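Visitor: If you scroll down you'll find the structure; I have some questions about it.
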Amino acid sequence: MDNISLKELQRSILSLMEQNGQITIVEISKILNINTSSVQRNIEFLKDVEILSREGGRFGGKWIINKKINTSVVFNNRLISHHPYRPE
């Protein structure tokens, strides 16, 4: 699982979650200008490969990034993040 190649969209989603662990699927879809089903599908992939998990419920929960991933990405010509995620 360590050699997983993430799509630009998946890295963008992780970057947004890194910045705000309580971000919602709707908020992600608005920021990235994509539909919520696309966000959900990519989140499911990230969960399946154990990069992402959810702590807590739908309300008041937060996203947990489980592996060190470089989330530096330019999406739609806009820098989303410029530093790698470093778990504590």
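Visitor: In nm, to one decimal, how far is the modelled label at residue 55 from the one at residue 23, with both set 7 Å along Cα→Cβ?
Guide: The two pseudo-label positions are separated by 1.8 nm.
Visitor: Could you pull out every residue, at least 5 positions away or on a different chain, whose amide H is within less than 5 Å of the one on residue 52? Hs are placed 1.01 Å off N in the peptide plane, and Pro or chain starts have none.
Guide: 47, 66
Visitor: Can you tell me which of 47-60, 14-27 comes out highest on packing, and rank the rest after it, using the mean Cβ neighbours within 10 Å? List each step's numbers first, then the result.
Guide: Details: 47-60: 11.9, 14-27: 16.2.
So the peptides 47-60, 14-27, ranked by packing, come out 14-27, 47-60.
Values quoted throughout were computed directly from the atomic coordinates according to the rules given, and no laboratory measurement underlies them. Fair warning: this is a prediction, and the values are worked out from it, not measured in the lab. Note: ideal-geometry Cβ built from the backbone for every residue, glycine included; neighbour counts use all protein chains shown.
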